[in-house]
Amino acid sequence: MIDGVKIKKLKVISDERGRLMEILRADDEAFEKFGQVYMTTTYPDVVKAWHKHEKQADNMACVAGMVKVVLRDARKGSPTFEEIDEFFMGIHNPILIHIPAGIWHGWKCVGPEEAIVVNAQTEIYDYKKPDEQRLDPHTGGIPYDWSRKDG
């Protein structure tokens, strides 16, 4: 696994009223600090990639649907430089992924319905100077094929 990436298996507590799932706590190993929380959705078969931050770490969980999350370490000097990791998260695998700064990341909705991803990031989004770099998901230079892989 890419150095600094952390995975937390999320516990779902169900009863006759519904479900509860804690995503990130201040006493979690992955917690650094709080910047803001947002949610984003992705339609089936859509890829949202690639993006990277220089200062910000992300703490992402998919709370509805399923997404395939792909990471690529772009930190020169990292013991896992240029390594690629792939995770499936969502309703069938409730996990939190902690993504440190300097890691290219993105995801593809792999379920039949819209996926909802919640991100608790360590920095406040700066509208005037966003801490974000972007690459095209298919031609941006990262050697990853987003197509479905059947056996």
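Values in this text are rule-based calculations from the coordinates and carry no lab data. Here the structure is a predicted model, which is why all the values come from computation and not from measurement. FYI the Cβ positions are ideal-geometry reconstructions off the backbone, even for glycines, and counts take in every protein chain you see.
Results, tabulated for the structure shown:
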read-out	value
Test item: Cα-centred dipole of segment 1-112, Lys/Arg +1 and Asp/Glu -1 on Cβ, debye	180
Space enclosed by the convex hull of the alpha-carbon atoms of segment 70-120, per residue, Å³	82
Gained length - residue 6 relative to residue 129, 0.36 nm times residue gap less alpha-carbon distance	41.5 nm
Set of lysines with alpha-carbon distance to residue 11 below 25 Å, sequence-local pairs under 8 removed	33, 68, 108
Hydrodynamic radius of the chain per Kirkwood, over alpha carbon pairs, in Å	16.0
Extreme residue, positive dipole direction of the chain, given options 34, 91, 118 (C-beta unit charges)	34
Net +/- balance of residues flanking residue 115 in space, Cβ distance below 14 Å, scoring K and R +1, D and E -1	0
